[in-house]
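This report refers to the structure that appears directly beneath it.
The values are calculated or read from the model by the stated rules, or taken from the named source; none is laboratory data. Here the structure is a predicted model, which is why all the values come from computation and not from measurement. Backbone-built Cβ (ideal geometry, glycine too); neighbour counts: all protein chains shown.
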Amino acid sequence: MGFGGKLESSAEFEVDGMKFKVARLTTDVKRKLVECDRKYSDPIERMKERRKIIATDIITGWSNVTEVSFSSYFVSNQTHYGSKSFDVTGDNIDINRADLGDVLAYSESLSNVEYQSKAKIAIDELLVTKDAKIEYSGKIKKMNADIREEIKNDDAWESVVDFIWDKAVSFDEFVKPDLNPDEIVFSSDRLIESYWNPVKIDIIEAAYKFVIDRDNFRAQEIIKEAEEAKN
């Protein structure tokens, strides 16, 4: 068989014991991805649609996936609380779990994004508690509207903003208790409704990178023959 042999229609890759079945990248799926890039100018909407295409047309099954293992890599309302209370020197601070847009902003913030942009999200979207106590001018005060505005506009409060961000993206702390340890049935919808834990591998993007490597879909007989030819 010439030119490196026939490509299989599907293959499998493994992440932390979880196995994902993926389909070979077809012309139709390539077209959908190109159209996605053209259609959406908003980066968040573009990413959502891109991930939907990959989750629907490329990832076709899985095995050894449980709610416990799934929640380590995928963040969703099924496995994670939307907000949580954290103790800060005796005061309960309620913080929202970061969503997909927040994750993108957080990733950008690691590349030295403007302080005001990061602080605005932290104070206006992630910090739920309106009367959290905070040390201000040497005294403990409730975080009123004036203090909130000061925090958003003065990078001297960076440690406060960082605390809120660090908690919001600490997705393991938002995981619901008593998740099902049994294997769960494959669901594209479950993948689509989830986003990734930024401290872990983005499995959806990993699936795409896997399928664009055509060698992963070479017929096993061809791979075996190639290996034997080397010896």
- Note on the structure: Residues of segment 107-125 being part of a loop (DSSP other than H, G, I, E, B) and of a type in the set (Lys, Arg), in sequence order, are none
- Being assigned to a helix (DSSP H, G or I), closer than 17 Å to Ile204 by Cα and hydroxyl-bearing (Ser, Thr, Tyr) is the filter here, so list the residues in segment 56-106 that pass it. Thr56, Ser69, Ser71, Ser72, Tyr73
- Task: Check whether at least one residue in segment 16-26 is part of a helix (DSSP H, G or I) and of a type in the set (Val, Ile, Thr), and report yes or no.
- Result: no
- Task: Can you confirm whether segment 116-128 contains a residue that is under 21 Å from Trp62 (Cβ atoms) and charged (D, E, K, R)?
- Result: no
- Item | Val211 being under 30 Å from Thr27 (Cβ atoms) and at pLDDT 90 or above | yes
- Query: Out of curiosity, is Ala23 of a type in the set (A, V, I, L, M), over 28 Å from Ile123 (Cβ atoms) and touching a Leu at 6+ places or on another chain (Cβ under 6 Å)?
  - Reply: no
- Scanning segment 17-33 for residues that are of a type in the set (Lys, Arg) and without any contact (Cβ under 8 Å) to a residue 12 or more places away in the chain, which turns out nearest to Leu191 (Cα to Cα)? Lys30
- Query: Between a first residue in segment 206-219 that is over 15 Å from Ile59 (Cβ atoms) and a second residue that is of a type outside the set (A, V, I, L, M), which pairs have beta carbons less than 7 Å apart while being 6 or more apart in sequence or on different chains?
  - Reply: Arg218/Gly4; Arg218/Gly5; Ala219/Gly5; Ala219/Lys6; Ala219/Glu8
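This table checks each residue for (1) of a type in the set (Gly, Ala, Ser); (2) under 18 Å from the mean Cα position of the chain (by Cα); (3) under 21 Å from Phe217 (Cβ atoms).
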{"position": "Phe13", "(1), (2), (3)": "no, no, yes"}
{"position": "Arg24", "(1), (2), (3)": "no, no, yes"}
{"position": "Val29", "(1), (2), (3)": "no, no, yes"}
{"position": "Arg38", "(1), (2), (3)": "no, no, no"}
{"position": "Glu49", "(1), (2), (3)": "no, yes, no"}
{"position": "Ala55", "(1), (2), (3)": "yes, yes, yes"}
{"position": "Val65", "(1), (2), (3)": "no, yes, no"}
- Item | Any hit, segment 173-191, residues being polar (S, T, N, Q), surrounded by fewer than 18 Cβ atoms within 10 Å (Cβ to Cβ) and within 16 Å of the chain's Cα centre (by Cα) | yes
- Message: Can you confirm whether Ala132 is of a type outside the set (Val, Ile, Thr), surrounded by 12 or more Cβ atoms within 10 Å (Cβ to Cβ), modelled with pLDDT under 90 and in contact with a Gly (Cβ under 7 Å, 6 or more places away or on another chain)?
- Response: no
